[in-house]
Structures are given as C-alpha cells and as structure tokens.
Amino acid sequence: MALLGSYFCSCLRQATAAQNEKARILRLLKTLKKYFKKRKTAINKLIACPRHTYTPETFHQLRVELKKMNALLDLVHFCQPDLQQKKTFKPFRVLFRQAGKVRDLQVEEAILKQYLGDAALPDYRTHLTEHRLREEAVYFSLLHKKRGLRLQKKYRLIAAFLARVKRKKAVRYLKKKQYKIKSMLDQGDAHPPQLHALRKALKQFNYNHTSVFEGQHNTWATHLDALTVLLGQWHDAQVIQEHLAEVTAKTTGLDPATINHLEKVKTNLAADQDALFNQIKEALTPAKAFFNKKSLL
C-alpha cells in the first residue's frame, strides 16, 4: 500500500508539473500575441498617418516600433530557426532605413537651432531642409498599396511562427542576451563602437524582456532607463558629429563663414558629448551590478 501510495503521489506531482508548464506556455503565448498585436497596430497606425500630420516624433516612434518588431523576430528566430529573420523583416527594413535618413536630418536641424538659434546659416539650413524634404518624399513614395500588402503577409507569417514558441527556449534566449550584455559591461571598454553595440544590445534585451514578461517584471525601468536615454543622446550627437565632419571637410560648396559656424557647432557638440560620456561611465557601474545578478528572469 505504501508503494502504491508513493506511486500515486509521484503521478500526481508529474501531472501537476505538466499542468503548470502548460499554463506557463499558454501565458507566454498570450503575452507574446498581445505584444505582437501592439507592435502591428502601432506600425499600421503610424504609416497610415496623413503626410501633413507627420512630425519628427512620428518618424522617431515609427523607428522605435520597427526596432521592437525586429527584436521580436530575433527572439522568434532563436526559438524557431526556420523563420528567416532578415527576409521577413525586409519590407519593414526599407521603411526603417528611409525614416532613419529623415530622422538624422531632423536631429541635425534641431541641434543647429539649439546651438545657433534661428537666424544663423540661412543658406546651409535651407539646403538641409531641402535635403530632408527630398528624403521625406522618398519615404512617402514607399507607402504604396503593395507595401501594405507585403507587411500584412509578413504579419501572418510572424503570427504563425509565434504560436510555436516554447517558454523554455524564450527564457534561454533572454539568458543568452543577459550574458552577452554582462560580458560587454565587464570589458569596461567605453569607446564609440562598443557603446553603440551596447546601446543596441540593451534595447533588444529590454524589448524582448517586456515581450516575454510584460506586467510581471518592472526592475528594468528603475535601473537602466537613465543609461539607455544617455546612450540615445550620445548616439544622436555622434551621428551629427560625423556628418558635420564630412560637410566641413569638403573644399567646395560652402563659404568660409558657414564652415566657421559649423566648426563651432562641432566644438560645442564635442564638449557636450564628453559630458554625456562621463555620465554614461557613471551609469555603467549600476548597470554592471544589475546584469551580474544570477537571473533577471
């Protein structure tokens, strides 16, 4: 009887464990489906905005949503390798890159206004505005009916693969990404290429941590939001610095006064970037402690 009772207890434990695992899988699928639907709705809403209502924030939000979608594809590809991530994201990537060209020019216009006010460099700023409008025209030319149909086709494909994601693999994916970021932070290398890679890795981890554990884990925001904001500001400054360096290196097309103004902007921007860099180095210490935890999951 004792052996029979032990056997039944063992069977009950196994059945309970199986039920719990099934419940966790269903909860994960529900969370992923909800997260995917949010991304899909947001992207469709943004690209459906009338042209005259687009603002710099519209382009920024679209790029954020597309990054979240690509991060989700990275997770799904890890769990379901048959999904071709690059091919699936291709129609989204075209929009992402073109919106990025517009966004960079908008950021440069904002930085020139910040450092020079509204009146300085009228010719150069007119040239910059014309360049931005041309890139915007290219972006809006991409929003044709066929593009929408391609996106809808990809949405259906992603949803089909999403339904097959297993919880254990999703958690393993996040642990792998956690270890990668921990390794990057442990290196203590804060040069531009490493900071750019760290910024991308943190964003991807954040997006997919949210997609798997939405509403369950809130430690990310309190520990790392400040760092990701600083890295974003540093990245914007870096992009504009590189562009201004290219512009001022040209020997034709710009008068000496314009070049002098742009060189001053570069100098001021570099000083502010150095201050951001110091803030980032200070923020790396708590980030390292955060990622050194045994598990964030």
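Angle of helix 167-187 to the longest C-alpha principal axis of the chain, folded into 0 to 90 degrees and rounded to 10: 50°. Could you work out how far helix 192-213 tilts from the main Cα principal axis of the chain, as a 0 to 90 degree angle to the nearest 10? Helix 192-213 sits at roughly 40 degrees to that axis. Peptides 274-281, 168-175, 69-76 ranked from most to least packed, by the mean per-residue count of other Cβ atoms within 10 Å: 69-76, 168-175, 274-281.
Within the set of other residues whose C-beta is less than 12 Å from the C-beta of LEU143, count the net charge using Lys and Arg as +1 and Asp and Glu as -1.
Numbers: positive: ARG51, LYS145, LYS146, ARG147, ARG150; negative: GLU136.
Local net charge: +4.
Across every direction, the projection of the convex hull enclosing the Cα atoms of the range 167-297 has a mean area of 9.5 nm².
Calculated mean residue ellipticity, 222 nm, the chain: -30000 deg cm²/dmol, from DSSP H runs (n ≥ 4) at -39500 (n - 2.57) each, averaged per residue and rounded to 500.
Would you mind calculating the relative contact order of the chain from Cα pairs under 8 angstrom and at least 6 residues apart, reporting the percent as a whole number? List each step's numbers first, then the result.
Values: 196 pairs, mean separation 71.1, N = 297.
So the answer I get is 24 percent.
Expressed as an acute angle from 0 to 90° and rounded to the nearest 10, what is the orientation of the C-alpha long axis of helix 145-162 relative to the principal long axis of the chain? The two axes meet at around 30 degrees.
Put simply, the convex hull of the Cα atoms in the chain casts, on average, a shadow of 19.8 nm². Using Stokes-Einstein with the Kirkwood hydrodynamic radius over Cα pairs, what translational diffusion coefficient do you get for the range 25-165 at 25 °C and a viscosity of 0.890 mPa s, in µm²/s rounded to a whole number? Here the translational diffusion coefficient equals 147 µm²/s.
Each reported figure results from applying straightforward, stated rules to the coordinates on display, with no laboratory input. If you're wondering where the values come from, they're calculated on a predicted model, not measured in any experiment. Every residue, glycine as well, gets a Cβ built from its backbone with ideal geometry; the counts of neighbours run over all protein chains shown.
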